[in-house]
Amino acid sequence: MLANYIITNHGAAFTINARPATWTTNNNSKTYGDNDPDPLTTGSGDFLAADNVTATYGRATGESVAGSSYHITATLNAAAGVLANYIITNAGADFTINARPAAWTTNANSKTYGEIDPNPLTTGNAVAPGPGTGFLAADSVTATYSRVTGENAGPPTYHITATLAPAAALTNYIITNNGAEFTINRRPATWTTNPNSKTYGDNDPNPLTTGGTVAPGSGTGFLVADGVTATYSRTAGETVLGGPYPISATLAPAAVLSNYAITNAGASFSINTRPATWTTNANSKIYGEVDPNPLTTGSGSNFVATDNVTATYSRAAGVTVLGGPYHITATLTPAGVLSNYSITNAGGSFTINTRPATWTTNANSKTYGAQDPNPVATGSAVAPGPGTGFVVGDGVTATYSRAAGETVPGSPYYISATLAPAGVLSNYSITNAGANFTISKAHLTVTANDKTKVFDNTPYSPFTATLSGFVTGESDSLLRTAGTLSGAAAFTGDAITAVLPGTYTITPTIGSLTATNYDFPSMPQGYFVNGKLSITYGNCSAGTPSGVILQPINADGSSVFPKSGRTVPVKFTVCDAFGNPISNPNAVFAGTGGQLTMLSAVRGQLQTVDESAYNDIPDVAFRYTGGQWMFNMATSNLASGSTYTFRVNLAYAPASVVFKIAIK
């Protein structure tokens, strides 16, 4: 019938709406380090059973406790297109990684007091892992150890804490970490007390003794920082035989001693016999004297004063010098105390000494060339005194001799005094120094030799001298040949520089003279004898006489001149060594100058005038002319009938020109 219709029949839509459905995913977990459960979790949904909807699970990655929880995603599975029929609520779930139980075992440890802590402090280890327990090997969990501070020996002990690492991995564990105990053990140490002693009668030493720790070693010995010291005491007693007495060492400080296992055995204290010395002083006497009383003296050293030890002395018999020394014995008392000492008592020596005596020999001498005196010397014993000097009864005398020699340089020569009688001399310590025998130099006289020269206007040279006074047949030449006389005299005096005619003194001096056995004494006077130098006039070479009156005056004094009122030419000449007339007035005339000196005037019968008359102008002095000295002498002051003697004083005394004239 529908065919009958034009049917508009648009129909309608029938909608199948998506079915709300929820998939519930269950939370799940695992222990850190375990594998994820398989399946990861479980879940369920309110889907139509016919759709057979299932799920598979996955979760966010991560393996640490701290990072959890990790989201679980449920991926739904069904036939194709089924899930499109649902409005699905699928919130997933949480996956938790739980901390893994683990235990760290720390081993207990210890050290000896005073040692440094072991390094590492101790050891330990993780408890071996089991299902869900124990540290994972991959986390490489390790531990460092520390302990509660403290350094005393236990008890108490010091807790050891194990600090685990790495820290990042530890949050994944529930850790059992109880630590352990660190024990400080007592340190074995030994205190060695040194034995000691004292000498009988002395106070105990203070400190009583000494001691010390045995040098610390590995884990032994007292620590230096603890400053362990000891004080010492001993069992009472003061006798030698009562000892030895135990010494106890009390250690301190007490606070540190509990840290040690101490060996402290103490020591022994002995009282020793007291070494003491009795010193006996050596003594002596002089030969011939009596023994001193007491024989000697002495003293003790190191004896206890209250024991009052004294000595008496005796010696071995004998009185001779050569028999000594004689032993001196010291006998000590009181005997009852002497056993407390170890005594050195060596005694002493008693010597009989030689008697000091002096023989004095007097020095003596002689002059070179003389005989030795006889006896060669004298001498005497020094007068005896208490304990000194030759005993008169020994009658000691001396004879003298001297060392050989006869020269001055060899002297002094030793004079020996030989004492007698020889038998008594050994009893003396004799000072017998002898003496010196001196040979003095003999004196030589130096005499300047007289010298003469003819005027030549130069000084004289050389001067010489003669030596005299030689002894034993010696002479100047012999000694000079022998080399024991040398040198020459030197000269002074006006002769040394004189050139003009005259007489001059030659004074000798020692100059370079030297002689081995002679001297040239300046005092007393008389050993240097002056000589003289005469400078004379020479002969004239022209045949003219020198130093005499010349014509017109007759040299024989026979000239008679006419009456007075005229002049008389007085002429003379003197020549030098070369025969030449001397024109130098200083070389011709004496101190009166070129003048005439009237010596006498005699009146009497005169001969007939035989001389010519001259009327020249009178001179006031001689003048040199024509190789002659000339003086026109006026006669106006001369009396007629008289004979006159005149003198011309020349430089060379006593030379002068003397002439006579008569006036008619």
Search the range 447-458 for residues that are closer than 27 Å to F470 by Cβ and pair each with any residue that is of a type in the set (D, E, K, R) and assigned to a strand (DSSP E or B) when their beta-carbon atoms are under 8 Å apart and the residues are at least 6 apart or on different chains. D450/K532; K451/K532
If you take the residues in the range 153-192 that are without any contact (Cβ under 8 Å) to a residue 12 or more places away in the chain and of a type in the set (A, V, I, L, M), which one is farthest from S268 (Cα to Cα)? A168
Which count do you get for residues in the range 464-476 that are closer than 22 Å to G493 by Cβ and in contact (Cβ under 8 Å) with a residue 60 or more places away in the chain? 1
Select from the range 146-168 the residues that are touching a Leu at 6+ places or on another chain (Cβ under 8 Å) and surrounded by fewer than 18 Cβ atoms within 10 Å (Cβ to Cβ) and list them in ascending order. S146
Of the conditions (1) of a type outside the set (S, T, N, Q); (2) modelled with pLDDT of 95 or more; (3) surrounded by fewer than 18 Cβ atoms within 10 Å (Cβ to Cβ), F491 clears all except one; give me its number. (3)
Keeping to the range 112-152, report how many residues are in a loop (DSSP other than H, G, I, E, B), without any contact (Cβ under 8 Å) to a residue 24 or more places away in the chain and polar (S, T, N, Q). 3
Can you find even one residue in the range 17-30 that is of a type in the set (A, V, I, L, M), assigned to a loop (DSSP other than H, G, I, E, B), surrounded by 10 or more Cβ atoms within 10 Å (Cβ to Cβ) and in contact with a Ser or Thr (Cβ under 7 Å, 6 or more places away or on another chain)? no
In the range 304-316, which residue that is of a type in the set (A, V, I, L, M, F, W, C) and at pLDDT 95 or above is farthest from I352 (Cα to Cα)? V309
Looking at the range 64-76, is at least one residue modelled with pLDDT of 95 or more, surrounded by fewer than 17 Cβ atoms within 10 Å (Cβ to Cβ) and not β-branched (V, I, T)? yes
Checking M523 against (1) under 60 Å from the mean Cα position of the chain (by Cα); (2) of a type in the set (A, V, I, L, M, F, W, C); (3) surrounded by 18 or more Cβ atoms within 10 Å (Cβ to Cβ), only one condition comes out false. Which one? (3)
Of the residues in the range 461-488 that are hydroxyl-bearing (S, T, Y) and not in a helix (DSSP H, G or I), the one that is surrounded by the most Cβ atoms within 10 Å (Cβ to Cβ) is T484
Please determine, by comparing only the residues of the range 360-402 that are aromatic (F, W, Y) and part of a loop (DSSP other than H, G, I, E, B), which one is modelled with the highest pLDDT. Y368
Quick one: in the range 31-47, which of the residues that are over 30 Å from A169 (Cα atoms) and not charged (D, E, K, R) is surrounded by the fewest Cβ atoms within 10 Å (Cβ to Cβ)? S44
Among residues belonging to the range 196-219 that are under 27 Å from K111 (Cβ atoms) and surrounded by fewer than 18 Cβ atoms within 10 Å (Cβ to Cβ), point out the one that is modelled with the highest pLDDT. G212
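The values are calculated or read from the model by the stated rules, or taken from the named source; none is laboratory data. What you see is a predicted model, and the numbers here were worked out from it, not measured in a lab. No Cβ is skipped: glycine too gets one built from the backbone with ideal geometry, and neighbour counts run over all protein chains shown.
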